[in-house]
1. Going through 284, 240, 249 one at a time, which residue ends up being at pLDDT 95 or above and over 30 Å from residue 103 (Cβ atoms)?
2. When only residues in the range 324-333 that are touching a helix residue (DSSP H, G or I) at 6+ places or on another chain (Cβ under 6 Å) and outside any loop (DSSP other than H, G, I, E, B) count, which is nearest to residue 122 (Cα to Cα)?
3. State whether one or more residues within the range 98-110 are modelled with pLDDT under 95 and under 27 Å from residue 395 (Cβ atoms).
4. Looking for something surrounded by fewer than 20 Cβ atoms within 10 Å (Cβ to Cβ), under 23 Å from the mean Cα position of the chain (by Cα) and within 30 Å of residue 411 (Cα to Cα) - is there at least one such residue anywhere in the range 333-341?
5. Condition check: in contact with a strand residue (DSSP E or B) (Cβ under 7 Å, 6 or more places away or on another chain), part of a strand (DSSP E or B) and within 29 Å of residue 409 (Cβ to Cβ). Does residue 11 satisfy that?
6. State whether one or more residues within the range 363-371 are under 20 Å from the mean Cα position of the chain (by Cα), in a loop (DSSP other than H, G, I, E, B) and surrounded by fewer than 22 Cβ atoms within 10 Å (Cβ to Cβ).
7. Residue check: is residue 67 modelled with pLDDT of 95 or more, within 20 Å of the chain's Cα centre (by Cα) and over 27 Å from residue 186 (Cα atoms)?
8. Quick one: which residue in 381, 369 is farther than 30 Å from residue 179 by Cα, outside the structural domain of residue 192 (by TED's automatic domain parsing) and touching a residue at least 24 places away in the same chain (Cβ under 8 Å)?
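The values are calculated or read from the model by the stated rules, or taken from the named source; none is laboratory data. If you're wondering where the values come from, they're calculated on a predicted model, not measured in any experiment. With ideal geometry, Cβ positions are generated from the backbone for all residues, glycine too; neighbour counts draw on all protein chains shown.
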């Protein structure tokens, strides 16, 4: 199944580059132009200069490649001497609690989805795949990781990192309220235990479907240059965290329907009553609304609908799930029920329109989504409970994908902590080069 190996990563050297807080960046696809300028102003070596390079047309990709080479020549970025698995902790606050999500960064042998080793869990929006492919092609480097989960009920993988977790981190940085820590695991015996524990597991992409698909595309391009079936072109860069990790947090993404021609609120509610129990709620606080939704959703698929100032709590009627296309695991997922029965059947927003985000936008904050219901041109806001990780696994194992933005794994991974070089003539480090130190 999953083949996970260590590698000699490229990391910032704070002695040359400066404080890591000023160097890392969020993922490229969540950075606005204003945020890019602010990040670039933090340091001449901020990673945003590589993941969102300046320049016109394809010039920006060669500029990123030249900048990456310059930083390595200057020692701003250095490649490790020993292959490592990179332990990664993210400590953050959410929902009134503090969490630490733990996982590790390694290389994974790339597999097509139909090989059933690395599985997607949701449909993706049309993304800038060509842009990322051109950047990878120019830099010959995986500049960021795919975030993925795996099942490890016995904790075999976690146990191998016990000594690493007690050590001092190699890099530490704070960004947007999240503390990021990187540790090196270079002990070959521990690496082998982890590889063996992962060998019978499936891996489920949590965030980064487009990144993974770009890795596959680049592998096909570079295979003719590879000197070995174990060349680094055969491997992608991945962050893996166990499904059972107490720091694994999935948040919902809410939906706002707008500018839909011919929308009639009264007719809409009547249509909803055919498949849903509809309860009109009194004026409640945001936290009370969230609690009502969570309670109802613990029993059956449910969501909250905001129609102007009205708040309706909807729960799927018993037996109505048969109208949801796909296998049984998909019919119990709130967001799949919403898309199939409400967006597609009642409102006529088909999958093509959903992908184009026609008449539909996505809002992560619960209170903000409620507020949008009162805006001109907005017909309704749909507020959701988070998808559970076991629902993700069941749908993927059944060969199905959920609607786009079914999950929001919080927080995002930082960009710039560990780079993964792609060297066709270099054989990948399959299990390290010998005993080392953590």
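1. On the way: 240 fails: over 30 Å from residue 103 (Cβ atoms); 249 fails: over 30 Å from residue 103 (Cβ atoms).
Residue meeting the stated conditions: 284.
2. Among those residues, the one meeting the criterion is 330.
3. Filtering the range 98-110 for residues modelled with pLDDT under 95 gives none.
No - not one qualifying residue is present in the range 98-110.
4. Taking the range 333-341 first, the residues surrounded by fewer than 20 Cβ atoms within 10 Å (Cβ to Cβ) are none.
Among the residues of the range 333-341, not one is surrounded by fewer than 20 Cβ atoms within 10 Å (Cβ to Cβ), under 23 Å from the mean Cα position of the chain (by Cα) and within 30 Å of residue 411 (Cα to Cα), which makes the answer no.
5. Details: in contact with a strand residue (DSSP E or B) (Cβ under 7 Å, 6 or more places away or on another chain): yes; part of a strand (DSSP E or B): yes; within 29 Å of residue 409 (Cβ to Cβ): yes.
The answer is yes for residue 11.
6. Within the range 363-371 (the criterion being under 20 Å from the mean Cα position of the chain (by Cα), in a loop (DSSP other than H, G, I, E, B) and surrounded by fewer than 22 Cβ atoms within 10 Å (Cβ to Cβ)), the answer is yes, since at least one residue qualifies.
7. On the way: modelled with pLDDT of 95 or more: yes; within 20 Å of the chain's Cα centre (by Cα): no; over 27 Å from residue 186 (Cα atoms): yes.
Judged against the criteria, residue 67 is not a match.
8. Values: 369 fails: farther than 30 Å from residue 179 by Cα.
So the residue among 381, 369 that is farther than 30 Å from residue 179 by Cα, outside the structural domain of residue 192 (by TED's automatic domain parsing) and touching a residue at least 24 places away in the same chain (Cβ under 8 Å) is 381.
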